[in-house]
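Have a look at the structure below, then the notes.
Values quoted throughout were computed directly from the atomic coordinates according to the rules given, and no laboratory measurement underlies them. The structure presented is a predicted model; accordingly, all values stated were derived computationally and were not measured. No Cβ is skipped: glycine too gets one built from the backbone with ideal geometry, and neighbour counts run over all protein chains shown.
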Amino acid sequence: MKLPLYIILFLFGLAIAQSIYFYPLLPEVVGSHFDVAGKVNGTSSKMGYFIVYFVSLVITSSFTVILPLIFKYVPTSMINLPHREYWLSDERREESFKFLNVHFSWFGVATMLLMVIIFHLTFLANLSPIKELSVPAPWALLVAFVLFTVWWTVVLLRHFPKPS
């Protein structure tokens, strides 16, 4: 399935455009960490902040790009999957990996989308006169991501039930 890859590429392009736009506008020292109330409680250099942003995006995109390439080479003993002996046996292995590749790809998409939005909110916070993160938005995003993760896990577990 190519759609997650296309979405990842789009999000990478969006992050690049976002960076090109915001980098010249931000101060040399930016708020890089915010407390639960949205107040800055940690700073970093602007360049350091953007480096962390892109390294994080590269690592996150690996769920979609790199993981599917290496999954089939990982020894079965190193894969933590319910009833792995059954689901990764020779006759089911290829189909199981297809599912896992697509499933992890969508997790990568969700994580990358969360990161792009959170960093966007931090850019806006650094440009605001009060230098505060808009509190409801990050919490709503976090709740949505946790709900997605619960759904993602349930789908994974239901796809690999105990063999009968």
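Things worth noting here:
- For the chain, the equivalent ellipsoid derived from the Cα gyration tensor has semi-axes of 37, 17, 12 Å, listed largest first.
- Theoretical FRET efficiency, 1/(1+(r/R0)^6), r = Cβ-Cβ of Leu9 and Leu69, R0 22 Å, to 0.05: 0.90
- Ordering Gly31, Thr64, Ser77 by Cα displacement along the dipole of the stretch 22-164 toward the positive end leaves Ser77 in first place; charges were set at the Cβ atoms of Lys, Arg (+1) and Asp, Glu (-1).
- Each residue of the stretch 1-55 gets 101 Å³ once the volume of the Cα convex hull is shared out per residue.
- Distance (nanometres) between label positions extended 7 Å along Cα→Cβ at Ile79 and Thr149: 2.4 nm
- Whether the stretch 46-108 is rounded, prolate or oblate, judged on the alpha carbon gyration tensor where a/c under 1.5 counts as rounded: prolate
- Karplus-derived HN-Hα couplings along the stretch 33-39 (A = 6.51, B = -1.76, C = 1.60, θ = phi - 60°), whole Hz, x at Gly and Pro: 9, 10, 7, 5, 8, x, 8
- For the stretch 11-20, backbone phi angles converted through the Karplus equation (6.51, -1.76, 1.60; θ = phi - 60°) give residue-by-residue couplings of 5, 5, x, 5, 5, 5, 4, 4, 5, 4 Hz, Gly and Pro being listed as x.
- Degrees between helix 46-61 axis and first principal axis of the chain (Cα, 0 to 90, nearest 10): 20 degrees
- Charge dipole magnitude, Cβ of K and R +1, D and E -1 - the stretch 3-159, Cα centre, debye nearest 20: 60 debye
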